[in-house]
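Coordinate-derived values only; no laboratory data. Keep in mind it's a predicted model, so treat the numbers as computed, not measured. Neighbour counts run over all protein chains shown; Cβ positions are idealised from the backbone, glycine included.
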Amino acid sequence: MKIALIGYGKMGKAIEEIALQQGHEIVLKINSQNKEELFNAPTLQQADVAIEFTAPDSAIKNIECCLQAGVPIVCGTTGWTHELPAMLARCEALNGSMVYASNFSIGVNLFFELNKKLTTLMAPHPQYEVILEEIHHTQKKDAPSGTALSLAEQILAQNKKKKQWVNDISDNPADLEIISQRIDPTPGTHRVKYASVVDDIEITHTAHNRTGFAAGAILAAMFIQGKKGTYTMREVLGL
C-alpha cells in the first residue's frame, strides 16, 4: 500500500514507522514547510490512501483536497467535529472514500463499546453522578479531546439527567463535566467515573505510547481500499 502522510509530526512519524515495518511504502510526506509545493492532486494521486493528522484549522481543506483528487483519506484530526456532518456529505457528493475517527486506537474503540454498555446499565440509577476525565500531553491542541467528546456523546444519549457537556467543574446537575489536564509526556488517559455515597464505578483507558493509534490508522487505510463512502472505526473493527 502506498501512503501519503498529511502531517509529519509525532503521529505522522509513528505511522511511518509502523507502516514500513508492515511493508507499506510512504510516497509523500506533507508538512507546513512543503505543503504549498507538494500538496496537490498530481502528487496525492501517487498514493493509494492519505492519512491525515494535522490541526483543526487545516483538516477540512486537507480532506477536500484529497476528495477532489480521488484519493481515499483516513482522518484522525480532532477539534473540528462541528463541521463533520457537512464534510461527510461532501465525501458522499464527490463519491469519495473516508474513514474518520476521534481515536484510531483499537483499545480505545473497544473502550467506546464498554462505555456505551456501562452508560446503558447506569441509566436507571440516578443516584450515581458521572464525570469524565482526560489527560494528554501539553502539545495537544484541542480540549476536551475528541475521544472525550465521543465518550460524552455516548453518555448524553442515555443519561436523562445530563443535557450538555462542559469542560470544567460545574454546580449545574444537568452538566456533564469533562475535566481536561495537559501533562507531559502522557499520550492519553481517559476515565469515566460513576460516583455515589455508597460506591464508585469507573472504567479507564491509558495509552502507553502512540503505537496503538498508528496501527489503527494503518488498519483503517487498508480497510478503505476499494470502498466508497464514509466509515468509522466501528466498521473497520467489525463492532
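The convex hull defined by the C-alpha atoms of the range 106-207 has an orientation-averaged projected area of 6.2 nm².
Measure out, as a whole number of angstrom, how far apart the alpha-carbon centroids of the range 87-129 and the range 1-50 sit. Each part's Cα centre sits 27 Å from the other's. Set the bar at 21 Å for Cα to Cα. Now go through Lys117/Lys227; Lys140/Lys193; Lys162/Lys193; Lys160/Lys193; Lys116/Lys141; Lys117/Lys140 and name every pair that lies beyond it. Check vs 21 Å cut-off fails for Lys117/Lys227; Lys140/Lys193; Lys116/Lys141; Lys117/Lys140.
A simple count of charges around Thr147, restricted to other residues whose Cβ falls under 15 Å of its Cβ and scoring Lys, Arg +1 and Asp, Glu -1, yields +2. Once the chain from Asp175 to Ala86 is taken as fully extended at 0.36 nm per residue, the excess over their C-alpha distance is 29.3 nm.
Within the listed set Ile169, Ile178, Ile18, the residue fluctuating most in the Gaussian network model of the chain (springs between alpha-carbon atoms under 10 angstrom) is Ile169. Rounded to the nearest 20, the size of the Cβ-charge dipole of the chain about its Cα centre is 380 debye, with Lys and Arg at +1 and Asp and Glu at -1. Rounded, prolate or oblate: pick one for the range 38-95, where a ≥ b ≥ c are the square roots of the eigenvalues of its C-alpha gyration tensor, a/c under 1.5 means rounded, and failing that, prolate if a/b is larger than b/c, else oblate. It comes out oblate by the Cα gyration axes.
What fraction of the DSSP beta bridges in the range 106-207 is antiparallel, stated in percent and rounded to the nearest 5? List each step's numbers first, then the result.
Values: 15 of 23 bridges.
Bridges in the range 106-207 are about 65 percent antiparallel.
In the chain, the DSSP-assigned H stretches of four residues or longer account for a calculated mean residue ellipticity at 222 nm of -11000 deg cm²/dmol, using -39500 (n - 2.57) per stretch and the full residue count as denominator.
Charged neighbours of Pro56, selected by a Cβ distance under 10 Å, balance to -2 (K, R count +1; D, E count -1). For Trp165, the amide hydrogen comes within under 5 Å of the amide hydrogens of Leu176, counting only partners 5 or more places away or on other chains and with H modelled in the peptide plane.
Think of the chain as a dipole: +1 on every Lys or Arg Cβ, -1 on every Asp or Glu Cβ, centred on the Cα centre; then among Gly9, Tyr231, Asn172, Tyr231 lies furthest on the positive end.
Test of understanding: ordering Leu38, Leu5 by Cβ neighbours within 10 Å, fewest first, what list do you get? Walk me through the numbers before you get to the answer.
Working: Leu38 16, Leu5 24.
The fewest-first ordering by Cβ neighbours comes to Leu38, Leu5.
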